[in-house]
Amino acid sequence: MIEQRVLRFAPLVLLVSLAVYAATANWGMIDLKVYWTLAPNVLTDQLYSIDMPFTADFPLPFTYPPFAAAVFLPLSALPWVAARVVWQVLSLVCLWWLVRTALKVLSNGEFDETWRRRALVWTAITLWFEPVRKTLDFGQINLVLVAGVFAAMLAVRQSVAGLGVGVAAGLKLTPAISGLYFLVTRRWKAALWSVGGFAITVALGFLVSAKNSWQYWFELLGAADRVGPVGSVINQSLRGALSRSLGYDVEMSWPWLLAVAVSAVLTGFALRAAVRAGDTLSAVITVQLFGLLVSPISWSHHWLWVIPLVLWLVYARRNLILAGVWAVAVLSDVITILINLQPSIWEIPRPWPLAALGWVYPALALVTLVVSGRADR
């Protein structure tokens with residue numbers, strides 16, 4: 001069997017993959033430089049007043065809550081070279097942990113040597129997934145955040161689960177969708193703990209900088225255009241895909257509301273199937289896919305949940321066709337190709353072939369929700 005032959009050399013496969021990555025990686029890590037450079041401004045109440053120049057028409061602001069800036073302060077104290085090395089190593093460890101934990105759930109308590117070697121091989125493979133490469137190249141927070149949210153959602157103790165999700169939402173708002181998982185699985189205490197954990201982060205943010213906190217929560221919250229160009233193909237949310245197809249930012253108009261309603265219905269069926277089957281991993285993935293679809297901005301590097309998704313399709317659903325399509329989408333680097341083909345990051349209308357290809361992640365996510373909801377378990 002091919003898999004058994006590959007598993008014999010699992011450590012070597014991972015080492016080769018890491019070596020090739022290290023030799024070809026983009027160490028610019030521009031997003032990490034934003035965190036590293038701008039986070040100290042929270043101490044002078046200028047967190048959202050100073051941008052970091054990137055290009056002439058695209059300065060990069062700090063877009064996370066003040067609590068996140070406070071968390072980044074220790075990293076800002078390191079020299080820039082050391083900060084990059086620490087962040088890359090931490091992100092790679094989180095990638096391995098994410099793969100290993102997903103496989104451990106899928107092994108149904110039989111996580112033996114074969115499964116451990118699978119974790120090494122899949123880490124070597126997923127390192128080349130486009131969301132992973134973009135996260136590492138940009139020095140993004142995503143791998144660390146997804147690993148933390150995944151750990152929280154799987155935690156047995158409700159206080160730990162809730163606090164983990166709440167703190168993650170305090171760092172970056174998008175993990176707040178994880179609370180839906182607590183509601184559908186009737187983990188009411190975890191849901192309440194998540195609200196409490198989030199409230200604590202907000203309070204700590206006000207303690208560090210009341211001015212920045214007021215500015216963020218009451219002036220900047222919801223300003224998607226401040227985060228980046230909504231119509232750029234790197235935005236793989238429903239709003240981004242619809243905007244490119246229709247030629248204007250749909251915002252919260254009827255096309256977006258209709259797409260969200262369809263996604264919500266499909267998510268409901270998928271969650272019902274997962275809960276009835278006791279399929280924890282399916283429920284977690286479904287909630288996260290829904291969050292990625294309905295968020296105003298879902299950069300392609302936010303789609304790291306495709307990692308446990310592909311593993312679930314391979315080992316739980318045995319749906320190798322859909323898993324293969326997802327693998328082709330994330331390994332082919334189609335998003336980067338489309339980025340290079342788009343007229344500019346700010347120009348929303350696209351020629352129809354580019355607009356159609358720009359649906360790749362949201363379209364596959366909707367198909368996955370259909371498959372999950374119709375699965376015969």
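The values are calculated or read from the model by the stated rules, or taken from the named source; none is laboratory data. Note that the coordinates shown come from a computational prediction; the quantities given were computed from them, not determined experimentally. Quick reminder, even Gly has a Cβ in these numbers, built from the backbone with ideal geometry, and neighbours come from all protein chains shown. Heads up: the accessible areas ignore ligands, DNA and RNA and are worked out on the full protein's heavy atoms, side chains in. Shrake-Rupley method; radii C 1.70, N 1.55, O 1.52, S 1.80 Å.
Quick look at the numbers
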| quantity | calculated |
| --- | --- |
| Subset of segment 328-363 [at pLDDT 95 or above and touching a helix residue (DSSP H, G or I) at 6+ places or on another chain (Cβ under 6 Å)] | A329, V330, W359, V360, Y361, P362 |
| Every residue from segment 178-203 that is under 19 Å from F67 (Cα atoms) and among the β-branched types (V, I, T) | V195, I200, T201, V202 |
| Of all residues making up segment 1-45, the number that are assigned to a loop (DSSP other than H, G, I, E, B) and either free of Cβ contacts under 8 Å to residues at least 40 places away in the same chain or surrounded by fewer than 15 Cβ atoms within 10 Å (Cβ to Cβ) (or both) | 6 |
| Set V202, V230, V195: member being in contact (Cβ under 8 Å) with a residue 60 or more places away in the chain, closer than 17 Å to A176 by Cβ and within 23 Å of the chain's Cα centre (by Cα) | V202 |
| Count of segment 250-259 residues which are crowded, with 19+ Cβ neighbours inside 10 Å, over 15 Å from L289 (Cβ atoms) and in contact (Cβ under 8 Å) with a residue 12 or more places away in the chain | 1 |
| One residue from L90, L143 being open to solvent by 20 Å² or more (accessible area, probe 1.4 Å) and at pLDDT 95 or above | L90 |
| Residues located in segment 185-194, provided they are surrounded by fewer than 17 Cβ atoms within 10 Å (Cβ to Cβ) and either in contact with a His (Cβ under 8 Å, 6 or more places away or on another chain) or hydrophobic (A, V, I, L, M, F, W, C) (or both) | W188, L192 |
| Counted residues, segment 296-309 - those being within 15 Å of S91 (Cβ to Cβ), open to solvent by less than 20 Å² (accessible area, probe 1.4 Å) and either touching a Leu at 6+ places or on another chain (Cβ under 7 Å) or among the aromatic types (F, W, Y) (or both) | 2 |
| Verdict on A176 being touching a residue at least 12 places away in the same chain (Cβ under 8 Å) and open to solvent by less than 30 Å² (accessible area, probe 1.4 Å) | no |
| Subset of segment 310-346 [in contact with a Gly (Cβ under 7 Å, 6 or more places away or on another chain) and either free of Cβ contacts under 8 Å to residues at least 12 places away in the same chain or open to solvent by 40 Å² or more (accessible area, probe 1.4 Å) (or both)] | none |
| Total residues in segment 269-295, condition touching a residue at least 24 places away in the same chain (Cβ under 8 Å) and either in a loop (DSSP other than H, G, I, E, B) or open to solvent by 20 Å² or more (accessible area, probe 1.4 Å) (or both) | 10 |
| Some residue of segment 104-112 being touching a residue at least 60 places away in the same chain (Cβ under 8 Å), open to solvent by less than 40 Å² (accessible area, probe 1.4 Å), of a type in the set (A, V, I, L, M) and within 19 Å of A323 (Cα to Cα) | yes |
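Matching residues to (1) open to solvent by less than 40 Å² (accessible area, probe 1.4 Å); (2) under 15 Å from the mean Cα position of the chain (by Cα); (3) over 23 Å from I177 (Cα atoms):
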{"position": "F67", "(1), (2), (3)": "yes, no, no"}
{"position": "L78", "(1), (2), (3)": "no, no, yes"}
{"position": "R118", "(1), (2), (3)": "yes, no, yes"}
{"position": "P131", "(1), (2), (3)": "yes, yes, no"}
{"position": "F150", "(1), (2), (3)": "yes, yes, no"}
